[in-house]
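What follows is a single structure, written as structure tokens, with notes after it.
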Amino acid sequence: MLNLVEITLKSILRDRVFHGIIFSALVFLLIPSVASLSMRQMTELSMNLSLSLLSFILLLLALFLGGTHLWKDIERRYTYSVLTLPISRSSYLVGKFLGIAIFIFAVACLLGLVAAGVVVFSSGIYPPERPIAWDNFVAAVVLDALKYILVVATAFLFSSVGTSFFLPVFGTICIFFVGSASQQVYDYITAPATTDISLFTKKAATVVYYLLPNYSAFDYKVNAVYGVPIAGSGLLLTLAYFAVYALIVVALAALLFEKREMN
Amino acid sequence: MALLACLCALYAAIIVPFASYMRSKPFAEKLGTLPTVATLKFMSADQKLFVGSSLVMKVIIYFGGLAELAKNRIIIPPDYPAMSRTIHAAVKLDPYNIDAYYFAQAFLTWDARQFTIANDLLREGMKYRTWDWYLPFFIGFNYAFFLKDFDSAAQYYRKAGELSGQELHISLAGRYMQEAGQTDHAIAYLTVMAKGARSPMARKTFETRLVAFKQVKRIELARDAFREKHGRLPSSLHALIESGYLADKPVDPYGGEFFIAADGKVGTTSKFAFKGDDKQPGNKGGTKP
Amino acid sequence: MKAIEISGLGKTYKGRKGTRIQALKGLSLDIMQGEVFGFLGPNGAGKSTTIKALMGLIRPTAGDALILGERITSCTARRNVGYLPENPSFYDYLTAEEYLTFVAKSFDVKGNLLEQRVAESLKLMELWEARKRPIRSYSKGMVQRVGLAQVLVHAPEVFILDEPMSGLDPLGRALVKEIILDLKKRGKCVFFSTHITDDVEKVCDRVGVIVSGQLQALDSVENILRSGLEGYCVQIRSGVKRLDVFDGFEVLRTHDPFVEYMVPAARFNEFMALVGHHSAEVMFVETRRKDLEAFFLEIVEKGEA
Ligand SMILES: Nc1ncnc2c1ncn2[C@@H]1O[C@H](COP(=O)(O)OP(=O)(O)OP(=O)(O)O)[C@@H](O)[C@H]1O
Ligand SMILES: [Mg+2]
């Protein structure tokens, strides 16, 4: 399995994915000048923009790597030579997933450092009214990375059954949007003030809410940017949620992939 | 090769008119019709903060552009309802964004004269920015200056004082809680605002207003001196200049004409806003100082 | 010991609009350890389908198979199997050296042995010079060579090769044949599919012919060749005065003073007796037989009819 993780990382690096990241990371350099347009919160705005850019790059990576990696192996018939090695398809899939997950996490850490540099630079020009909550910043970056690892997991789930890259890529995008909004919809529908919705709809919405990945749970940008305190227990619960949900999705993907015909 | 050169030349020919066309597009068109807040929230997924701040930026840049034009005597009436809608959408996406509140306070009150809307927005912001003294300070000012609700004003000023730990806010409130102190109050407020303004553009907006109010103050001082001496109000601004109480004719940076109303109040035909503002709906409340 | 045991293997592909393609119809076949088995068949006969099923790439719709006693549904069945896919493609961003290392590691080859095996197979397949280049830059034949090298690198007991000679130059073909014979000498099992009867004739112990998903013939190469014997071509010098003693035999060629006769196997002794009796001089004797190709074509025609 480690062997496969290594190969996956090699494939990502040799595909020049990293060059693309560095190229998009150049946008970080523009952030201080854009943030200087702010009237009262230059530091906050730089952190906001940095974290947003980081999220965006990670989203692209997760979609691109998660959605096309398995498909490419199948399309280019690498699976004939790899899946006939004495490794189970599950460990092949898990190895690939871990490789991408490690890459996403590493990129998040790296870009997190760049973002921190941008914020420090901005705060040097115009000191913020309140001290920067660096612990929240770290939490926001790490949870962002976890969120996109979860996105990769859903992309793998789609890849394990799809025969083209359309299903994984577009399916993942749909799940991403819906999963980012599910909390909001759930809150609205289950609020006691909401009476014009039938009981059945409420129940159905609850089921859907429990089934879909809750991406909004991983959004700690507000806490980082505006120094809003994070509840430790909530953070732990979110981490546990991530671990269990990701495991389930990957296990399901592995199960489906085991059953799949390679022709 | 020749074809490529031709295409490049064609591009050069077309890009300048294209750019000027894009520049001259009206704001409503540039901003586009904003989707509903629910749609925006859905579309922005995990980029709500980013979308929120870019909406604020859009409004600020738009307004700054108009101010720039106004300096060159090109007066285009700002689209206040669109600006207000945009800011409201922005704080739904990022309820912590101080730029949004700060800017809303600036244009919703002085220019659009939507005091209650401004105060509601600021009160909403206070729920999130629980540490920030600016929001209650703005609300207090709006109550005192525009709405003449001195009790509420004092309450919010006190809140601002508690948050900032600055005696100034409490005492400032106490000292000027009457109509007579309006101009001093405005000058104090604008000084705070201008000092805190980060962007040169915002600072310019406040400074322009500050200049106008300093002129008002000058006229008021002259008027008071006249009344002391003659026991009656001067008949007009012109009379004050004639009789030497005002050394020169005060100039309204908004392009209006100062006047002294029958009750002695100093006003200006510009109403402290660039021309075209009073075409906006909801321009009903508030007493002009 | 049986290396590969196929019993009643069937595969029906589901095509579009509910069409079904019966690619494999109850194939049963046993291949022994130490045996080189040639799997012959025309295009679309079901050779690759059989092999893919053996390697767990597709699930058979009927029957079962064992490799070295392990069910093919488990990935442990492949622990001692080297597989070469048809038209192989390997992670082309890796170099040949890296890819071989990856494969060897997957088979739990470690340390010095790993390095040694990688180097050996690279040299054997004449990829040593190109080993540091990504596979992306290789020619078709070089990729095929990588395929053979990645089979050899972990020294398995069973080799399953889908058209190992395709895309290779004559030197490469000769090399592969040599390698297969060497593997046979070392007691390995080689199961390979091909269209080229000549290759089978040269290296195989047994051959199976599959047509439209059914095994049509299964025999040792020796038996086939022996049963195909038609007779001998004998050339004698016509110094003999009375050539008409051979009148009962068909003359193939006369090239003064030599005459070539076609002698049926059954009458060879009779012919030789005549030669001795008339003290004719035999220049050479050549066996005449149907080759494997004729045998193959015959079976295919029969199978398709
Ligand atoms: N994925 C598939 N879906 C439907 N039919 C298939 C599929 N793969 C193979 N077939 C059919 O199964 C039959 C056997 O194919 P197979 O690839 O096993 O032939 P082969 O003997 O390897 O031929 P070749 O010598 O050309 O390699 C063919 O009729 C083919 O059309
Ligand atoms: Mg084939």
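The values are calculated or read from the model by the stated rules, or taken from the named source; none is laboratory data. Just so we're clear, the structure is a prediction, and the values are computed from it rather than from any experiment. Here Cβ is always computed from backbone atoms with ideal geometry, including for glycine, and neighbour counts include all displayed protein chains. The area values use the complete protein model at the heavy-atom level, side chains included, leaving out ligands, DNA and RNA. Shrake-Rupley method; radii C 1.70, N 1.55, O 1.52, S 1.80 Å.
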Using a simple spin-label model with points 7 Å from Cα along the Cα→Cβ vector, what separation in nm is obtained for A:MET1 and B:ILE15? 5.4 nm
Roll a 1.4 Å probe over the protein chains and send me the accessible area per residue for the protein assembly as shown in Å². 46 Å²
Integer Hz, Karplus 6.51/-1.76/1.60 couplings in order for the stretch A:152-167, x for Gly and Pro: 4, 4, 5, 4, 5, 4, 5, 4, 5, 10, x, 9, 10, 8, 5, 4
With a cut-off of at most 11 other beta carbons within 10 Å, and DSSP calling the residue loop, which trypsin sites (Lys or Arg not before Pro) in the stretch C:194-296 qualify? Please list them. C:LYS241, C:ARG242
Once the piece of chain linking A:ARG76 and A:ASN263 is laid out straight, how much longer is it, given 0.36 nm per residue of separation minus the C-alpha distance between them? 66.2 nm
Would you grab the residues whose amide H sits under 5 Å from the one on C:THR95? Only those 5+ places off in sequence or on another chain, please, with H modelled 1.01 Å from N. C:ILE135
Can you run phi through the Karplus equation (6.51, -1.76, 1.60; θ = phi - 60°) for the stretch C:130-144 and list ³J(HN,Hα) in whole Hz, with x for Gly and Pro? 9, 5, 9, 9, x, 4, 3, 8, 7, 7, 4, x, 5, 5, 4
For the stretch C:97-193, which chymotrypsin sites (Phe, Trp or Tyr not before Pro) are in a loop by DSSP, counting at most 15 other Cβ atoms within 10 Å? C:TRP128
Please give the calculated 222 nm ellipticity per residue for chain C, where each DSSP H segment of at least 4 residues contributes -39500 (n - 2.57) and the sum is spread over every residue; nearest 500 deg cm²/dmol? -10000 deg cm²/dmol
If the cut-off is 13 Å between C-alpha atoms, which aspartates and glutamates fall inside it for C:LYS17, apart from same-chain ones fewer than 8 positions away? none
Could you tell me the calculated FRET efficiency between A:ARG130 and B:ARG227, based on Cβ-Cβ distance and R0 = 60 angstrom, to the nearest 0.05? 0.80
Using only the alpha-carbon atoms, how far is helix C:111-124 inclined from the longest principal axis of chain C? Give it as 0 to 90 degrees, nearest 10. 40 degrees
So which aspartates and glutamates pass the test for A:LYS96, namely a Cα distance under 18 Å, with those fewer than 8 places away in the same chain ruled out? A:GLU6, A:ASP15, A:ASP73, A:GLU75, A:GLU258, C:ASP92, C:GLU98
Angle between chain A longest axis and helix A:2-14 axis [Cα atoms, degrees, rounded to 10]: 60 degrees
Any idea what the relative contact order of chain A is, in percent, if you count C-alpha pairs under 8 Å spaced at least 6 apart? 28 percent
Nonlocal amide H pairs with C:ARG288, under 5 Å, H built at 1.01 Å: C:GLU230, C:GLY231, C:TYR232, C:CYS233
When only C-alpha pairs under 8 Å and at least 6 residues apart count, what is the relative contact order of chain C, in percent? 20 percent
Answer rounded, prolate or oblate for chain A, using the Cα gyration tensor with square roots of eigenvalues a ≥ b ≥ c: rounded when a/c is under 1.5, else prolate when a/b is larger than b/c, else oblate. oblate
Any chance you could give the angle, 0 to 90 degrees and rounded to 10, that helix A:89-125 forms with the longest Cα principal axis of chain A? 20 degrees
Hey, can you grab everything whose amide H is under 5 Å from the amide H of B:THR268? Only 5+ residues off in sequence or another chain; H modelled, so Pro and N-termini drop out. B:PHE259
Averaged over C:86-92, how many beta carbons belonging to a partner chain fall within 10 Å of each residue's beta carbon? 5
Between A:GLN183 and A:LEU252, Cβ-based FRET efficiency (R0 25 Å, step 0.05) works out to 0.65
Could you compute how much accessible area chains A and B hide from each other, both sides summed, with a 1.4 Å probe? Nearest 100 Å² is fine. 2700 Å²
